[in-house]
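Participant: Okay, handing you the structure first.
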Amino acid sequence: MIATDEKRKLYDTIDEKIETLLQMKPDEASRLSAHEVIRRVYTDPKLGLSWKEADERIKLYGFNEFSVTEQQSLWQKYIEQFKNPLILLLLGSSFVSICMQQFDDAISIAVAIIIVVSVAFIQEYRSEKSLEELNKLVPPTCHCLREGNVQTFLARNLVPGDIVLLTMGDRVPADLRLIDAIDLSIDESSFTGETEPSVKTSQQIPASKSNGIESKKNIAFMGTLVRCGHGRGVVIGTGEFSEFGSVYKMMAAEESPKTPLQKSMDSLGKQLSMYSFAIIFFIMALGWFQGRHILEMFNIGVSLAVAAIPEGLPIVVTVTLALGVMRMAKRKAIVKKLPTVETLGCVNVICSDKTGTLTKNEMTVTSLITSELYQAEFTGVGYDAKGHCMLLDEGKDYKQQMDSIKLVLEVGCVCNNADIIEGQLRGQPTEGALITAALKVNLSDVREKYIRLQEYPFSSEQKIMAVRCLVRSQMNEERFFVKGAIEKVLNYCTHYSSNKELVPINLDRKSQYIKEAQFMGRKGLRVLAMAYGSKLEEMVFVGMVGMLDPPRPGTAESVRTLHGSGIKIKMLTGDSEETACAIAARLGLYAYGSTAVSGDEIDNMSEEALILKLPNVSVFYRVGPRHKLKIVKALQSSGCVVGMTGDGVNDGVALKKADIGIAMGKVGTDVCKEAADMILIDDDFYTIMGAIEEGKGIFYNIRNFVTFQLSTSIAALSLIAFATMIKIPNPLNAMQILWINIIMDGPPAQSLGVEPVDHDVLKQPPRNVKEPMITKDLIFNVLLSAGIIISGTLFIFKTEMSDNMVTPRDTTMTFTCFVFFDMFNSLSCRSQIKSVFTIGLLSNKPFLFSVIGSIIGQMLVIYAPPLQKIFVTEALTLQDLLFLTAISSSVFIVSELKKFVYRQALKRQKRKEVYQNDFV
Ligand code: ATP
């Protein structure tokens, strides 16, 4: 991006056109006519800019994005780490060592400080970088006119002068002066706080009336959301030049709030710090009282404080969450905010859309019934015209049947916005399927017969679409065409077509059609009815089609797995009861004892009644966005943690209300993506399952490294405290304690956070949202491991120190024993339930490398002469090392035994449950 000053210099040397562009602010643009603005930005409203011109403008104006300038350089951030009070204390102790001319100590502590600070700095840097990456996961796109064609590309490539098209659900990609606004209302609440959308116009606004954002009715501001209608506008400001550039910069620079887990880690860290300080103070006071050297006690105390206080805990949590989110993105689920990851493991009800999520949204018309009840079937799949129409009533007049069938498809094609170009669909699959079916009966140019005057767009509330057209051959004749849900279409019909005759429709006839539609629905087909007429209130029913939309592969398995883990799945659809139940049954969602509830029934039910009914309902049919909100609220009131999918503009409220709002990446509008917590790139239900699996896995990984860090920290603290209490010399010196800290906070701990997700986590029931991370089980594990480490290390120290003299060999043995214990402990912390041999010794590569690295480091500390000096160590024999390995493996063996006993108990409990269920 070119800096503003540089740009200005450039503009001075280029021509006046650039100068004018730079000056185009919403204030000015709103007072000018659309025509004048277009003239000033040198563009063509019908063709847009050329790609070449756009490229040139990008060079001058930069990308349409905000660069949040780094307030701090890397060095400043590094120096910042030294402000930690514990590091300052360490610096102080190194200074005291210099004063007392103990230069060796001073250098050792200085080296340790640099290592500790660098580890903390790298962690923080990684955390920041991964959080930055998160923001880039959902780049906004736009629909823009370039060289006469509508193109969809990343909004960052927009330049002043581009012509942008807006439709319902879009996020405005740059500041636009509107040149067309058809029923256009834009939600500007993010800037004005006004919840009522602002109705837009393309008219010029006189200077006297254009003060304030609300009054600029002909400007669409970047970042606002199109609530309804459509329009076109010319870009007058991009990136930081846009009206809200500064607001955006502020928002981007704003730190996102901490997740509940991060908060609880913060408070856990604080609590532990307090306990640690108290114990350290006690150790120092006791040591001093016992007449030990004050400087030695001070150094030990400070090193212990650095080692035992898990200051790295919150930051490792952030890194693990952020890395997990990146992993989820690879599995096609984009999580927008870190807290979502935690909530994912608690979700116990998923409300999923049918079309496109549980099914493929690849529609094919397979059946057709005309108003005369002629029946036909279609062969072929997809949007390829290969396939035939087969008549099922062979005895009847072929031409009459074909004419009636063609009439149904003619209505379907005229009341349609899709196109099929070279076998590729442009538009909605439902509409594409109708065009394909028409091609199969050689109706290719049927739309040419009419001139469309008006469209009443399809909405999931109305469930019909209508168009008003002029018949080309009789230019003064207007005709309406309607397609949609059968009961809605029949509401408009006064007649039905019977071999080109119009016959009044009575209730019997209507219920006959409804029965036929139900029959089609029971086969899992989506039914669309068609009608035409000269008035909307007097339509002629012509027939209906049944469309096949196959379930997505893998959905039935995902449903089974999620059911198995105690997550309930409810299907929400705009389709009819029969279609919905047939598909739900195929996917294993609708079994014996389940019920289906319609949108109308929900409307007539109180929240209490709905709550009572909910447990057995697995299908909600003919529902719209308003019902979704009511369903989420009722589920939440009954104590459920709800994941809800959505795609339309009006789904936004329900998505916001749900504990996890899930937007569709492909068909979803920007509005619902904005409201959602998670976006499914491929709209696939399977992806939700993957996200839940990752979410649970991340939580368990965090719990694993918390267990590891806590047990090491408690072991180190207690070891020194015990030694001081039983009046034996300190088993570890200050440098050794700091080395242990690096292992504890550093790579081995972090690599526990990236443990590959164990697929069995899905079998575990959803976590209770209120359950804290530090459970009784976790505390037991921590204390057990810490107890073994302390006993083992003290045992080695006592045996080595049989002469009552502390030699470098004694501390080397004790120190190495502690480090080995730590390695074995980290190995067993990889899973709380499974044996390490089941999850695979080599399955977590980063862990493997960090353990190997730590052991090599430990060997260097023991055998490399310069390090021997710093750490006051001595070379050990192979026998020593083998002996230490045998002793320290005890923590691993005990943990494996404990896991075995736990697994057996779990199995017994499961068997008991199965037996009880069978008995009941
Ligand atoms: P979901 O995606 O939530 O499962 P859905 O796609 O099944 O919903 P809607 O899109 O709301 O449901 O469609 C409901 C009904 O409206 C369909 O059964 C069909 O009869 C009718 N319908 C769907 N699409 C169109 C359309 N483009 N034009 C006219 N009618 C339509």
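Laboratory data are not the source of any read-out in this text; all were calculated from the coordinates shown. Here the structure is a predicted model, which is why all the values come from computation and not from measurement. In this analysis, Cβ positions are derived from the backbone assuming ideal geometry, glycine residues included, and neighbour counts consider all displayed protein chains.
Participant: Against the longest alpha carbon principal axis of the chain, how many degrees, from 0 to 90 and to the nearest 10, is the axis of helix 734-745 turned?
Facilitator: Here the helix axis deviates by roughly 20 degrees.
Participant: Kindly provide the trypsin sites (Lys or Arg not before Pro) of the stretch 667-741 that DSSP labels as loop, not H, G, I, E or B, and whose Cβ sees at most 13 other Cβ atoms within 10 Å. Spell out each step's value before the answer.
Facilitator: On the way: sites: 673, 696, 703, 727; in loops: 727.
Filter output for the stretch 667-741: 727.
Participant: So, one more: Would you calculate the separation in nanometres between label points at residue 290 and residue 803, each defined as 7 Å from the Cα along the Cα-to-beta-carbon direction?
Facilitator: According to this spin-label approximation, the distance is 2.1 nm.
Participant: Now a separate question. What does the charge count near residue 388 come to, summing +1 for each Lys or Arg and -1 for each Asp or Glu among other residues with Cβ under 11 Å from its Cβ? Don't skip to the end; give the middle numbers.
Facilitator: Values: positive: 386, 440; negative: 377.
Neighbourhood net charge equals +1.
Participant: Would you mind checking the tilt of helix 685-725 against the longest principal axis of the Cα atoms of the chain, expressed as 0 to 90 degrees and rounded to 10?
Facilitator: Between the helix axis and the principal axis of the chain, the angle is about 10 degrees.
Participant: Projecting each Cα onto the charge dipole of the stretch 346-429 (Lys/Arg +1, Asp/Glu -1 at the beta carbon, about the Cα centre), which of 358, 428, 411 comes out farthest on the positive side?
Facilitator: 358
Participant: Right, here's the next one. Using the number of other C-beta atoms within 10 angstrom as an exposure proxy, rank 496, 275 with the fewest first.
Facilitator: Ranked by crowding around the Cβ, least crowded first: 275, 496.
Participant: For the stretch 530-615, which GluC sites (Glu not before Pro) are both in a DSSP coil and crowded by at most 15 other Cβ atoms within 10 Å? Don't skip to the answer; put the middle values down first.
Facilitator: Values: sites: 537, 538, 557, 577, 578, 601, 607, 608; in loops: 537, 538.
Of the GluC sites (Glu not before Pro), the ones in loops of the stretch 530-615 whose Cβ has at most 15 other Cβ atoms within 10 Å are 537, 538.
Participant: Going by alpha carbons, how many degrees (0 to 90, nearest 10) lie between the helix axis of 103-135 and the longest principal axis of the chain?
Facilitator: In the chain, helix 103-135 runs at an angle near 10 degrees to the longest axis.
Participant: Turning to a different aspect of this structure: Place a +1 charge on the Cβ of each Lys and Arg in the stretch 772-920 and a -1 charge on the Cβ of each Asp and Glu, then give the dipole magnitude about the Cα centre in debye, rounded to the nearest 20.
Facilitator: Dipole size: approximately 860 debye.
Participant: So, with +1 on the Cβ of K and R and -1 on the Cβ of D and E, and no other charges, what is the size of the charge dipole of the stretch 735-783 about its Cα centre, to the nearest 20 debye?
Facilitator: I would put it at about 200 debye.
Participant: What are the GluC sites (Glu not before Pro) within the stretch 27-62 that DSSP puts in a loop, where the Cβ has at most 15 other Cβ atoms within 10 Å?
Facilitator: Within the stretch 27-62, no GluC sites (Glu not before Pro) qualify (loop, at most 15 other Cβ atoms within 10 Å).
Participant: Same structure, new question: Can you tally the net charge around residue 587? Count Lys and Arg as +1, Asp and Glu as -1, for every other residue whose Cβ sits under 11 Å from the Cβ of residue 587.
Facilitator: For residues surrounding residue 587, the net value is +3.
Participant: When Rg is the radius of gyration of the Cα atoms in the stretch 679-726 and Rh is its Kirkwood radius, what does Rg/Rh come to?
Facilitator: 1.46
Participant: From the backbone phi of the stretch 824-829, what are the Karplus-calculated ³J(HN,Hα) couplings (6.51 cos²θ - 1.76 cosθ + 1.60, θ = phi - 60°) in whole Hz, Gly and Pro given as x?
Facilitator: With coefficients 6.51, -1.76 and 1.60, one gets 5, 5, 4, 4, 6, 6 Hz.
Participant: Fewest to most neighbouring Cβ within 10 Å: what's the order for 142, 99, 672?
Facilitator: Listing 142, 99, 672 from fewest to most nearby Cβ atoms yields 99, 142, 672.
Participant: In sequence order, what are the phi-derived ³J(HN,Hα) couplings for the stretch 761-766 according to the Karplus relation 6.51 cos²θ - 1.76 cosθ + 1.60 with θ = phi - 60°, rounded to whole Hz, with x for glycine and proline?
Facilitator: Each residue of the stretch 761-766 in turn: 4, 5, 6, 7, x, x Hz.
Participant: Tell me, rounded to the nearest percent, the portion of alpha carbon pairs in the chain spaced more than 42 Å apart.
Facilitator: Considering the chain, 51 percent of its Cα-Cα pairs are separated by more than 42 Å.
Participant: Among the listed pairs 776/898; 332/763; 798/898; 336/834; 568/657, which have their C-alpha atoms separated by more than 20 angstrom in this model?
Facilitator: Going by Cα-Cα distance, 332/763; 798/898; 336/834 fall outside the 20 Å limit.
Participant: Which FRET efficiency value, to the nearest 0.05, do you get for residue 377 and residue 760 by plugging their Cβ-Cβ distance into 1/(1 + (r/R0)^6) with R0 = 51 Å? Before the final figure, lay out the partial values.
Facilitator: Numbers: r = 46 Å, r/R0 = 0.89.
FRET efficiency, residue 377 to residue 760: 0.65.
Participant: Additional query: Does the stretch 737-778 classify as rounded, prolate or oblate by the C-alpha gyration tensor (a ≥ b ≥ c root eigenvalues; a/c under 1.5 gives rounded; else a/b over b/c gives prolate, otherwise oblate)?
Facilitator: Judged from the Cα gyration tensor, the stretch 737-778 comes out oblate (a/c at least 1.5, b/c at or above a/b).
Participant: Same structure again: Using R₀ = 56 Å, calculate the FRET efficiency as 1/(1 + (r/R₀)^6) where r is the Cβ-Cβ separation of residue 445 and residue 607; round to 0.05.
Facilitator: Details: r = 53 Å, r/R0 = 0.94.
Efficiency, rounded to the nearest 0.05: 0.60.
Participant: Separate question: For the pair residue 468 and residue 189, what calculated FRET efficiency results from E = 1/(1 + (r/R0)^6), where r is the Cβ-Cβ distance and R0 = 25 Å, to the nearest 0.05?
Facilitator: 0.15
Participant: Sticking with this structure for a sec: Whose amide H sits under 5 Å from the amide H of residue 619, counting only residues 5 or more places off or on another chain, with H placed in the peptide plane?
Facilitator: Answer set, sorted by chain and number: 571, 595, 597.
Participant: Let me know the charge dipole size of the chain about its Cα centre in debye, to the nearest 20, where only the beta-carbon of Lys, Arg (+1) and Asp, Glu (-1) is charged.
Facilitator: Approximately 1600 debye in magnitude.
Participant: Restricting to DSSP H runs of at least four residues, report the calculated mean residue ellipticity at 222 nm for the chain, -39500 (n - 2.57) per run over all residues, nearest 500 deg cm²/dmol. Present the calculation step by step, with values, prior to reporting the outcome.
Facilitator: Values: 34 runs with 465 residues, N = 920.
It lands at -16000 deg cm²/dmol.
Participant: Give the percent of DSSP beta bridges with both residues in the chain that are antiparallel, rounded to the nearest 5.
Facilitator: If I count the DSSP bridges inside the chain, around 75 percent turn out antiparallel.
Participant: Under a 5 Å amide H to amide H cut-off, with H placed in plane at 1.01 Å, what residues pair with residue 416 once short-range neighbours are removed?
Facilitator: Residues meeting the amide H criterion: none.
Participant: Sticking with this structure for a sec: Using a 10 Å cut-off around each Cβ, can you sort 216, 656, 336 from fewest to most neighbouring Cβ atoms?
Facilitator: 656, 336, 216
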